Amino acid sequence: MQKILIDIQKLSKNYLVGKKILRAVNNLSFSIYSGETLGLVGESGSGKSTLGRLLLRLVTPSSGKIFFEGEELLKLSPQEMKKMRRKMQMIFQDPYNSLDPHMKIRTILAEPFHIHKVAKGIALEKEISQLLQLVGLEEEHKERFPHEFSGGQRQRIAIARALSLRPQFIVCDEPISSLDVTIQAQIIHLLKQLQTEKHLTYLFISHDLAAVKSLATRLAVMYLGEFMELGPSEEIYKNPLHPYTQALLSAVAIPDPILEKKRERIFLKSEIPNPLDPPKGCPFSSRCPLAIDTCYTTHPEWREISPAHFIACHRR
């Protein structure tokens, strides 16, 4: 049995926009297991980043429960939550904006230690040097400013900062989307290496299914604040069952030009609906090529169709 690190129960986040409610995350229940990488994919506006921030309590949910190692986060006091934050960190999407341009790298990496009062003096300098070495940078780099580094190097610094307090769980919020393809591969390799060495658990958020494939243990496909499909990554990539998952995977390029030419692409109707006015039945019904009358009127049940493989679809 895998150990559950994070357990989410009926989690929702709503925003009032004018007189309408925007359901950014809608009644999600799932678990993240210790040592795994849960890949979270979907188009822009599907609620992926909001979900990642909810799990770290950077955003307060409208309803639901979040348990970390059996402890309910929403019941913790600010002081108790501060201690808990040492166990959970985040790598943000844009390394150009997530690092303070006025701070030297030494100061950026020292900040978490100062906030949590866990190291100072010689011990702190040693920690900073070890962090830089861990992500493939040199000790001399700590005297430079963020603008003196490439995008890939900045993201390595952001990763070092996330690792500073030795967390168990890291939310990776599209950490490679602003990097070129070669650097993306290097960062993914670094994350996999660090996961093995430090026994880390990741929630890896991305819209790029090709990038997620090499890292994710399980895959969650999100659309308009809800999960369409969740299951073992290898199984979903080989046999996607939800029409939305199938459409996303059909857009992933295949390196073999012959196979690429032969394969069938699935083109979805129209754009993602306005989240302030979502479809009444299945969230995906307005774009689904397989939709029937029931899809437009009745919300599909979230059910397990094979071991650890869940889906919300009337047609499967």
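With the structure loaded, tell me whether Ser12 is assigned to a strand (DSSP E or B) and within 14 Å of the chain's Cα centre (by Cα) or whether it fails that test.
Details: assigned to a strand (DSSP E or B): yes; within 14 Å of the chain's Cα centre (by Cα): no.
In short, no.
Filter segment 267-304 down to residues that are more than 24 Å from the chain's Cα centre (by Cα), among the aromatic types (Phe, Trp, Tyr) and either in a loop (DSSP other than H, G, I, E, B) or buried (at least 19 other Cβ atoms within 10 Å of the Cβ) (or both), then give me how many there are.
Here the count works out to 1.
Mind listing just one residue for me: the one in segment 157-186 that is among the small types (Gly, Ala, Ser) and not in a loop (DSSP other than H, G, I, E, B) and, of those, nearest to Glu140 (Cα to Cα)?
Ala160
In segment 61-79, which residue that is surrounded by fewer than 14 Cβ atoms within 10 Å (Cβ to Cβ) and either small (Gly, Ala, Ser) or not assigned by TED's automatic domain parsing to the domain that holds Ser31 (or both) is farthest from Gly225 (Cα to Cα)?
Out of the qualifying residues, it is Ser77.
Checking Ile183 against (1) touching a residue at least 24 places away in the same chain (Cβ under 8 Å); (2) under 28 Å from Arg57 (Cβ atoms); (3) surrounded by 17 or more Cβ atoms within 10 Å (Cβ to Cβ), which single condition isn't satisfied?
Evaluating Ile183 over (1) touching a residue at least 24 places away in the same chain (Cβ under 8 Å); (2) under 28 Å from Arg57 (Cβ atoms); (3) surrounded by 17 or more Cβ atoms within 10 Å (Cβ to Cβ) leaves (2) as the failure.
What pairs can you find where one residue is in segment 305-316 and surrounded by fewer than 15 Cβ atoms within 10 Å (Cβ to Cβ), the other is part of a loop (DSSP other than H, G, I, E, B), and their Cβ atoms are less than 6 Å apart, with a gap of 6+ or different chains?
Arg316/Leu241
Need the failing condition index for Glu127 against (1) over 23 Å from Ile183 (Cβ atoms); (2) of a type in the set (D, E, K, R); (3) outside any helix (DSSP H, G or I), just the number.
Only one criterion in (1) over 23 Å from Ile183 (Cβ atoms); (2) of a type in the set (D, E, K, R); (3) outside any helix (DSSP H, G or I) is unmet by Glu127, namely (3).
Look at segment 187-219 and say how many of its residues are in a loop (DSSP other than H, G, I, E, B) and either under 20 Å from Gln89 (Cβ atoms) or not charged (D, E, K, R) (or both). Steps first, answer last, please.
Our first condition is that a residue be in a loop (DSSP other than H, G, I, E, B); within segment 187-219, this holds for 199-200, 207-208, 214-217.
Still in the running and either under 20 Å from Gln89 (Cβ atoms) or not charged (D, E, K, R) (or both): 199-200, 207, 214-217.
Qualifying residue count, segment 187-219: 7.
Any idea which of (1) assigned to a strand (DSSP E or B); (2) among the charged types (D, E, K, R); (3) on the phi > 0 side of the Ramachandran plot is the one Arg57 doesn't satisfy?
So Arg57 meets the others, but not (1).
Sort out which residues of segment 192-215 are surrounded by 19 or more Cβ atoms within 10 Å (Cβ to Cβ), modelled with pLDDT of 95 or more and touching a Gly at 6+ places or on another chain (Cβ under 7 Å), and write them in order of number.
Answer for segment 192-215, where residues must be surrounded by 19 or more Cβ atoms within 10 Å (Cβ to Cβ), modelled with pLDDT of 95 or more and touching a Gly at 6+ places or on another chain (Cβ under 7 Å): Thr201, Leu203, Phe204, Ile205.
Would a scan of segment 40-53 turn up a residue that is part of a loop (DSSP other than H, G, I, E, B) and either over 16 Å from Gln93 (Cβ atoms) or in the same structural domain as Glu197 (by TED's automatic domain parsing) (or both)?
Residues of segment 40-53 part of a loop (DSSP other than H, G, I, E, B): 42-47.
Then drop every residue that is not either over 16 Å from Gln93 (Cβ atoms) or in the same structural domain as Glu197 (by TED's automatic domain parsing) (or both), which leaves none.
No, that holds for no residue.
Please specify each residue of segment 116-129 satisfying the condition of being under 13 Å from Leu165 (Cβ atoms) and free of Cβ contacts under 8 Å to residues at least 12 places away in the same chain.
Residues satisfying the conditions are Lys117, Ala119.
Report whether or not Ser31 is outside any loop (DSSP other than H, G, I, E, B) and in contact (Cβ under 8 Å) with a residue 12 or more places away in the chain. Don't jump to the end; show me each part of the working.
On the way: outside any loop (DSSP other than H, G, I, E, B): yes; in contact (Cβ under 8 Å) with a residue 12 or more places away in the chain: yes.
Here the answer is yes, as Ser31 does meet what is asked.
Please verify whether segment 138-157 includes one or more residues that are among the basic types (Lys, Arg), out of contact with any helix residue (DSSP H, G or I) (no Cβ under 6 Å at 6 or more places or on another chain), surrounded by 19 or more Cβ atoms within 10 Å (Cβ to Cβ) and without any contact (Cβ under 8 Å) to a residue 40 or more places away in the chain.
yes
Taking segment 33-61, which residues are over 28 Å from Pro78 (Cβ atoms) and either out of contact with any Ser or Thr (no Cβ under 9 Å at 6 or more places or on another chain) or not hydroxyl-bearing (Ser, Thr, Tyr) (or both)? Full working, then the answer.
Of the residues in segment 33-61, the ones over 28 Å from Pro78 (Cβ atoms) are 33, 35-37, 39, 41-46.
Of everything in segment 33-61, those that are over 28 Å from Pro78 (Cβ atoms) and either out of contact with any Ser or Thr (no Cβ under 9 Å at 6 or more places or on another chain) or not hydroxyl-bearing (Ser, Thr, Tyr) (or both) turn out to be Gly35, Glu36, Gly39, Val41, Gly42, Glu43, Ser44, Gly45, Ser46.
The values are calculated or read from the model by the stated rules, or taken from the named source; none is laboratory data. Predicted model, so just to flag it, every value in this text is computed and none were measured. Ideal geometry is used to build each Cβ from the backbone, glycine not excepted, and the neighbour counts take in all protein chains shown.
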